[in-house]
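Below you'll find the structure, written out as structure tokens, and then a few comments.
The values are calculated or read from the model by the stated rules, or taken from the named source; none is laboratory data. No experiment lies behind these values; they were computed from the predicted model shown. Here the Cβ positions follow ideal geometry from the backbone for every residue, glycine too, while neighbour counts run over all protein chains shown. Protein only, heavy atoms only, side chains kept; ligands, DNA and RNA dropped before computing areas. Shrake-Rupley method; radii C 1.70, N 1.55, O 1.52, S 1.80 Å.
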Amino acid sequence: MRILVYVSLLALFGSCSPNLIAQKIEGVYAQDDFEKIRLHFTKELFFFEDGNEYNHLPPYNCGDTLAFGYWEKDESYPFIKLFTNPLQYASLIKMEVEENKKNSSDSIYFLIDNPIERTQFKFNEDNEKARKVYYSLYVESDNNKFNSKVNFKKYYTDEILLNVPNGVKIKSFEITVYPTECALGWRDSMPPIHVTSMQYEVKDTESNVFKVNMPELTYCYLSSLRLDGDYVKILNKNQLEWDGHIYTKQ
């Protein structure tokens with residue numbers, strides 16, 4: 001008898017309602033706190049939308065899609081798992097490089113341009129404390145001592161000047177972009193993460209000026225959520241719970 005009662009309780013509390021597991025997920029769910037924040041589900045894909053207008057924020061020109069990717073339903077428990085597009089989650093960003101030569105054999109220049117730097121120049125040119133990103137380099141040259149000296153050092157500027165020993169030639173480089181301690185993340189539990197450029201192979205080893213443009217590097221790119229199995233709980237046929245908020249089907 002005791003065994004029967006134990007098994008019954010286990011079945012009651014340890015299993016999930018078949019209706020919750022089998023229910024149709026596709027549709028639009030609006031957050032109860034802010035109606036314009038919505039989760040959209042199609043048959044295989046989802047996107048997370050914030051349609052609110054924030055007049056108090058700087059002009060970051062962000063779109064309203066905070067995350068986009070695919071979803072899976074857990075077949076044993078009433079949960080959905082969200083995954084961002086793997087290419088976005090990899091956090092690799094392209095860069096366009098123009099090589100030039102300057103009459104200086106002991107210096108190498110990296111001149112970095114992107115939408116974030118343009119905003120910094122337009123609104124906070126004389127206020128470096130307002131800077132939202134900083135950089136590090138990973139350089140490959142024919143001088144290992146030089147490489148170890150400059151690699152992974154923090155550079156809080158869009159114009160990086162390296163003093164190099166005479167005759168050192170740059171073979172390739174990558175640039176990593178780090179958000180500073182600022183409110184770029186959409187939520188505290190998932191702050192923005194750094195992004196790294198594709199490796200650039202230097203065409204002319206005599207070049208010592210590299211104009212680098214990162215057209216994709218925007219506030220939106222850094223602040224968009226990169227999800228890798230984020231859990232959404234199915235509460236009932238019309239409601240989901242995610243990140244402490246209830247979303248109701250429209």
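Label-to-label distance for residue 74 and residue 127 is 4.5 nm, based on points extended 7 Å past Cα in the beta-carbon direction. Residue ranking by accessible heavy-atom surface, 1.4 Å probe, largest first, among 203, 73 comes out as 203, 73.
Expressed as a fraction of 2.2 N^0.38 Å, the C-alpha radius of gyration for the range 78-156 is 1.55. The label point for residue 134 and the one for residue 250, both projected 7 Å from the Cα toward the Cβ, are 4.2 nm apart. Label separation (residue 194 vs residue 243): 2.4 nm, computed from points 7 Å beyond Cα along the C-beta direction. Measuring between alpha carbons in the structure, the pairs from 132/153; 94/145; 36/73 lying more than 20 angstrom apart are 94/145; 36/73. Taking all protein chains together, 131, 118, 38 sort by accessible area into 118, 38, 131, largest first [probe 1.4 Å].
With a threshold of 24 Å on the Cα-Cα distance, the over-threshold entries among 129/169; 169/211; 81/154; 101/129 are 129/169; 81/154; 101/129.
Here residue 237 is the anchor, and the aspartates and glutamates within straight C-alpha reach of less than 13 Å, apart from those fewer than 8 places off in the same chain, are 26. Over the range 121-174, Cα pairs under 8 Å with separation of 6+ residues give a relative contact order of 41 percent.
Computed from the Cβ-Cβ distance with R0 of 41 Å, the FRET efficiency linking residue 36 to residue 118 stands at 0.90.
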